[in-house]
Amino acid sequence: MIRISVLSLSLLTVMSGAAVAPAVADIIAFFPDASAMLGKMVLTTPSLSIIPVALLTGMFSSRVPRKRLIYTGIFFYIVGGFGGGLADSIPFLISMRAVLGIGVGILMPLSTGIIADLWSGYEKIKTMGYASASTNLGGIIATLLSGLLAAISWRASFLIYLLGVPVLLLVFFFLPEQHPIQAKGKKPGNAAGNLGFYVLWGMGMFLLMAAFYTIPVNIALYIQENGLGDSRMAGFAMAVMTGSSFLTGLVFGRLNKIIGPWLPILSLSGFAISFYGLSAYPSTVPLFCFLILNGIGFGILVPSIMNGVTRKSAESSGTVGTSVVTSFLFAGQFASPLLTGGAALSIFGPGIANIFLTLAFGTGLAAVLALLSKLISSNQFQSPSQS
């Protein structure tokens, strides 16, 4: 039950924006003075709060008991999430979305950092995979439930944030107040010296999210432009990709044990193939095949990055590093349309297919660099008798 209570935190974090996406059109229609920009603000305002709050959470995590921080995060999550459904004005709605972001900014780094504090070795890697799976499961739940609730009323879609209540109960009854022995010897004071290490992993997460988020941002238009369906097809395509990430997260620990350091290289290669396929073969069956491949890569790379950043957790709280990476994660989401669209325009020209083609070359280059790094490091540590 300890593991379930920790994983339930990952289940919540992805719902910060996705939960009310199906209701955006109805929200805009409800407010007669609203513009289309309101829809974007409803979805993106939480991220504006998440980025600074996640960094502050890393600082407070070495000074404030974890359960107290979690209680605070869930409180803001429920109040900000459910409160949005009570809004009668645009400023109140946006302010509630900002409050929601505060809650997610507290919970997200803790949801991964606590794993590094409670487990080590293979158990940590396996649980990191489970956490990634839980995040994707949250995305599936949010997509299904919010669509059903939004059909009743746009206000009803905000009820999904009440899932924070059973998570609060799980944390209260089952998450230990004190960390196990292996977590007690950690020295929070060393966190500042590890900042460069955390930032490197954060940059990796930034680039991953900048690439990955081109699909949620562009998939509906991509499907429409190529005559593959409507918004229902786009929702189904996203659910299939998220489902593949979910299943991959469940077996991440085993994959890491078998394939080890070659796993990121294979994942980046899969990313490159999937983006190239989306660019070159715009038809239904290839669409789903390449989205599944992309989801598998995402389901591997996210826990790989989180596991990598917590390698310093022997010297500091695991939450310190994950708070930095969380901030880069949401910054990557924000920057994705600007970076990828601008790069594609300057290299191949305008169009969604050219965005995917640019990312195919970019992720392919990353795979080649990762392979060269692996081969060089292997040669350096190989003894003369083995060469």
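The values are calculated or read from the model by the stated rules, or taken from the named source; none is laboratory data. These numbers come from a predicted model, not from an experiment. So basically every Cβ, Gly included, is an ideal-geometry build from the backbone, and we count neighbours across all protein chains shown. Ligands, DNA and RNA are excluded from the accessible area calculation, which covers all protein heavy atoms including side chains. Shrake-Rupley method; radii C 1.70, N 1.55, O 1.52, S 1.80 Å.
Among the residues of the stretch 127-136, none qualifies, meaning not one is surrounded by fewer than 18 Cβ atoms within 10 Å (Cβ to Cβ) and in contact with a helix residue (DSSP H, G or I) (Cβ under 7 Å, 6 or more places away or on another chain). Residues in the stretch 178-218 that are at pLDDT below 80, among the hydrophobic types (A, V, I, L, M, F, W, C) and not in a loop (DSSP other than H, G, I, E, B): 5 in all. Here S346 does not qualify as closer than 22 Å to G235 by Cα, of a type in the set (S, T, Y) and open to solvent by 20 Å² or more (accessible area, probe 1.4 Å). Looking at G147, is it assigned to a helix (DSSP H, G or I), at pLDDT below 80, within 25 Å of the chain's Cα centre (by Cα) and under 27 Å from G243 (Cα atoms)? Criteria met by G147.
M37 passes every criterion in (1) open to solvent by 40 Å² or more (accessible area, probe 1.4 Å); (2) farther than 20 Å from G83 by Cα; (3) hydrophobic (A, V, I, L, M, F, W, C); (4) modelled with pLDDT of 80 or more apart from (4).
Quick check: anything in the stretch 64-81 of a type in the set (F, W, Y) and more than 19 Å from L170 (Cβ to Cβ)? Within the stretch 64-81, not a single residue is of a type in the set (F, W, Y) and more than 19 Å from L170 (Cβ to Cβ). Restricting the stretch 88-113 to residues that are under 21 Å from I70 (Cβ atoms) and β-branched (V, I, T), the residue that is surrounded by the most Cβ atoms within 10 Å (Cβ to Cβ) is T112. Residues of the stretch 280-293 include none that is hydroxyl-bearing (S, T, Y), open to solvent by less than 30 Å² (accessible area, probe 1.4 Å) and in contact (Cβ under 8 Å) with a residue 24 or more places away in the chain.
Just to be sure I understand, how many residues within the stretch 213-268 are of a type outside the set (D, E, K, R), open to solvent by 30 Å² or more (accessible area, probe 1.4 Å) and within 22 Å of K124 (Cα to Cα)? The number of residues fulfilling the criteria is 12. Restricting attention to the stretch 358-369, the residues being open to solvent by 30 Å² or more (accessible area, probe 1.4 Å), among the aliphatic types (A, V, I, L, M) and either in a loop (DSSP other than H, G, I, E, B) or touching a residue at least 12 places away in the same chain (Cβ under 8 Å) (or both) number 1.
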